[in-house]
Amino acid sequence: QLLDRVAGQDTFLMVRTLEPRKGHALALSAFESLWAAGGEANLVIVGKKGWLVDKLVDRLEQHPQAGKRLFWVSGATDEFLERVYQSSCCLLVPSEGEGFCLPLIEAAHHRLPILARDLPVFREVAGDHASYFTGTEPKQLADAITRWLDMRREDRHPRSESMPVLTWAESAAQLMAAATRQANR
């Protein structure tokens, strides 16, 4: 049902466990602002409930746009997630702090454009193959989403498909090389 509802529409995807630092509450507030102004983009969140997010879960479950423009899937199969990546127009990553962030790599694999918070780790992983935003207020993110949609309509948004991505074997080889260098010091 979700896939039918978002087909052919502007759909932003977040793939993260719900945690305070992942930016779900900020994203929801930004989309509420966009919807109040007449925007029709969808927000799809795929991720299980984490810690300290009871209020956010209540907002998601009780939201007037739930099942219309707002979708939260807490237990997605790999096959379902694959289809959601294919049905979305942009991966949204508003995290305030992050490690490697595998969804950036998954987005590139699915040729899905990326809009991410301007964090050093995101720039290290995605480089010029993503759009970035700064700020911690919903209006700042809403403005960034609007700008990104405008760039997409004009076909000026960064493309993720040419983002360099290491295979697991290449990552393991890099780790082994680094460990060997460290051991030889």
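Compute the distance from the alpha-carbon center of the range 50-110 to that of the range 132-180, in whole Å.
16 Å
What helices in the chain pass both tests, a Cα length along the helix axis of 20 Å or more and a mean Kyte hydropathy of 0.0 or higher, using whole DSSP H runs?
Result, helices passing both filters: 168-183.
Go through [x] 29, 18, 17; [y] 48, 18, 14; [z] 57, 19, 18 and flag the label whose value is the computed semi-axes √(5λ) of the Cα gyration tensor in Å for this structure.
Matching the structure shown: [x].
Round to a whole number: what % of the accessible area of the chain belongs to carbon and sulfur, probe 1.4 Å?
Details: 5120 of 10150 Å².
After summing per-atom areas, the C and S share lands at 50 percent.
Where Lys and Arg each count +1 and Asp and Glu each count -1, what net charge lies around R16 among other residues with Cβ under 15 Å from its Cβ? Present the calculation step by step, with values, prior to reporting the outcome.
Numbers: positive: R21, K22, K48, K49, R117; negative: E19, E96, E98, E106.
Neighbour charge sum, excluding R16 itself: +1.
Below 13 angstrom from the Cβ of A126, what's the summed charge of the other residues (Lys, Arg +1; Asp, Glu -1)?
Working: positive: R117, R123, R159; negative: E98, E106, D118, E124, D128, E161.
For residues surrounding A126, the net value is -3.
Work out the FRET efficiency for K55 and T146 from their Cβ-Cβ distance, taking R0 = 35 Å, and round it to the nearest 0.05.
Working: r = 26 Å, r/R0 = 0.76.
Result of the calculation: an efficiency of 0.85.
Mind ranking 49-55, 14-20 by how tightly packed they are, going by the mean number of other C-beta atoms within 10 angstrom, highest first?
14-20, 49-55
Rolling a 1.4 Å sphere over the protein heavy atoms, what is the accessible area per residue of the range 58-166, to the nearest Å²? Display every interim value, and only then the final one.
Working: 5730 Å² over 109 residues.
Dividing the accessible area of the range 58-166 by its residue count gives 53 Å².
Say R0 is 35 Å: what FRET efficiency, to the nearest 0.05, do D78 and R185 get from their beta-carbon distance?
Efficiency computed from Cβ-Cβ geometry: 0.30.
The values are calculated or read from the model by the stated rules, or taken from the named source; none is laboratory data. Treat the numbers as computed from the prediction; the structure is a model and nothing was measured. For neighbour counting, all protein chains shown are included, and Cβ atoms are generated from backbone atoms with ideal geometry for every residue, glycine included. To get the accessible areas, we keep the full protein, side chains included, count just its heavy atoms, and leave off ligands, DNA and RNA. Shrake-Rupley method; radii C 1.70, N 1.55, O 1.52, S 1.80 Å.
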